[in-house]
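Q: After the structure tokens below, expect a handful of questions from me.
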Amino acid sequence: MAQFQIRPEFVSFDNYGTLINWQMNDTARELTAGQLDDEQFSRFTYYFSKYRYDAVLGDYLPYNTLLQNSYDRACRRFGIESTPGAGEKLGEAVASWGANDGIVEPLTSMGKNYRLVILSNADDYHLDKSVQHLGADFHAVLTAEQAQAYKPRYQAFEYMLDTLGARPEDFLHVSSHTRYDLMPAEDLGFVNKVYLDRGFDPHARAYNYHTVSSLDEVNSMLGI
């Protein structure tokens, strides 16, 4: 049974997919227009997502470069022509996406009671744009560019701990990604974890997290 600390010092979040509406496939569809049928495109986006995951396990590269490299690999797998500048176009799309439904109001309420933190797998440029869509005040917005590492690498989480002068037990960490966030968080001793289930990843219940379908549920757990 997962434990839950009612008064964490910080509530930390993954950003893209968790708070911001993840729409990568829309831009990928534009980039591959006329080259893939619907069934092929569905498989293309699957492998594109897996190549992105593989890429974040290595040394830090700027996020747009990582997107370009992952897109190139997916294109090679399907024997289609890649697009120069795809990484820039994908990165601009990331920076433009708005908040998921049901995020702004409960997040704003949460921010009046807790110190909110973002730990994101993107660069400062993308977060500078995205945070404007969220409406809440954040104590810290931390990026892969600052950490020089992407989640699920421990270095990203350790950067958050070092920057805030905090311990894993000081956090409630909320994410819609088990593989990027909740599994490494468990490894590092984050006791309080919430999976905001948007269907991105398979469940990994051995990693001791609570599952919710909305931030309103998290606020109830926090007594807000």
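Q: Just subtract the alpha-carbon distance of Tyr154 and Tyr47 from 0.36 nm times their residue separation and send over the number in nm, one decimal.
A: Length gained, Tyr154 through Tyr47: 36.1 nm.
Q: Percent relative contact order of the chain, based on C-alpha pairs within less than 8 angstrom and at least six residues apart?
A: For the chain, the relative contact order is 27 percent.
Q: Taking 0.36 nm per intervening residue step and subtracting the Cα-Cα distance, what contour gain separates Gln132 from Thr108 on full extension? Display every interim value, and only then the final one.
A: On the way: separation 24, 0.36 × 24 = 8.64 nm, distance 1.25 nm.
Value of the extension gain: 7.4 nm.
Q: Principal axes first, then extents: for the Cα atoms of region 56-132, list largest minus smallest coordinate on each axis, whole Å, largest first.
A: The principal-axis extents, from largest down, are 51, 27, 19 Å.
Q: Now for a different question. Please report Rg (one decimal) and Dmax (integer) in Å for the Cα set of the chain.
A: Radius of gyration, then largest Cα-Cα span, for the chain: 17.4, 53 Å.
Q: Please work out the C-alpha center-to-center distance from region 122-183 to region 187-224 and express it in whole Å.
A: Using only Cα atoms to place each centre, the spacing works out to 16 Å.
Q: In addition: Tally Lys/Arg at +1 and Asp/Glu at -1 over every other residue whose Cβ is under 10 Å from the Cβ of Glu9; what's the total?
A: Cβ neighbours under 10 Å give a net charge of +1.
Q: Treating only the Cβ of Lys, Arg, Asp and Glu as charged (+1, +1, -1, -1), what charge dipole size does region 74-224 show about its Cα centre? Round to the nearest 20 debye.
A: 320 debye
Q: Right, here's the next one. For Gln23 and Leu161, FRET efficiency with R0 = 25 Å and r from the beta-carbon atoms, rounded to 0.05? The partial results should precede the final answer.
A: On the way: r = 31 Å, r/R0 = 1.23.
According to the calculation, E is roughly 0.20.
Q: Semi-axes of the equivalent ellipsoid for region 98-224, please: Cα gyration tensor eigenvalues, times 5, square-rooted, ordered largest first, whole Å.
A: Equivalent ellipsoid of region 98-224: 20, 19, 15 Å, largest first.
Q: Let me ask you something else. Using only Cα atoms and rounding to the nearest 10 degrees, what angle (0 to 90) does helix 154-164 make with the longest principal axis of the chain?
A: Once rounded, one gets 40 degrees.
Q: What is the local net charge at Tyr195, summed over the other residues whose Cβ is closer than 13 Å to its Cβ (Lys, Arg +1; Asp, Glu -1)? The partial results should precede the final answer.
A: On the way: positive: Arg179, Lys193, Arg198, Arg205; negative: Asp14, Asp181, Glu186, Asp197, Asp201, Glu217.
Neighbourhood net charge equals -2.
Q: Could I ask something else about it? Label 7 Å along Cα→Cβ of Glu30; region 71-105 residues with amide nitrogen under 18 Å?
A: 71-72, 82-99
Q: A further question follows. For the chain, which whole percent of the accessible surface, found with a 1.4 angstrom probe, sits on carbon and sulfur atoms?
A: Roughly 45 percent, rounded to a whole number.
Q: With a cut-off of 8 Å between alpha carbons and a minimum separation of six or more residues, what is the relative contact order of region 24-95 in percent?
A: 37 percent
Q: Okay, moving on. For Lys50, go through the lysines and keep the ones whose alpha-carbon is under 18 Å away, minus same-chain ones fewer than eight residues off.
A: Excluding near neighbours in sequence, the set is Lys151.
Q: What number comes out for accessible area per residue over the chain if the probe is 1.4 Å? Units Å², please.
A: Computed with neighbouring chains in place, this is 45 Å² per residue.
Q: Enumerate the whole-percent occupancy of each 10 Å bin, from 0 to the last occupied one, for all C-alpha pair distances of region 24-95.
A: Going out from 0 Å in 10 Å bins, region 24-95 shows 21, 59, 19, 1 percent.
Q: Follow-up question, since we're still on this one. Which lysines, on any chain, are close to Lys112 with Cα under 23 Å apart, when same-chain ones fewer than 8 places away are left out?
A: In chain and number order, the partners are Lys129, Lys193.
The values are calculated or read from the model by the stated rules, or taken from the named source; none is laboratory data. Keep in mind that what you see is a predicted model, and the values were worked out from it rather than measured. Using ideal geometry, Cβ is built from the backbone for each residue, glycine included, and neighbour counts are taken over all protein chains shown. To get the accessible areas, we keep the full protein, side chains included, count just its heavy atoms, and leave off ligands, DNA and RNA. Shrake-Rupley method; radii C 1.70, N 1.55, O 1.52, S 1.80 Å.
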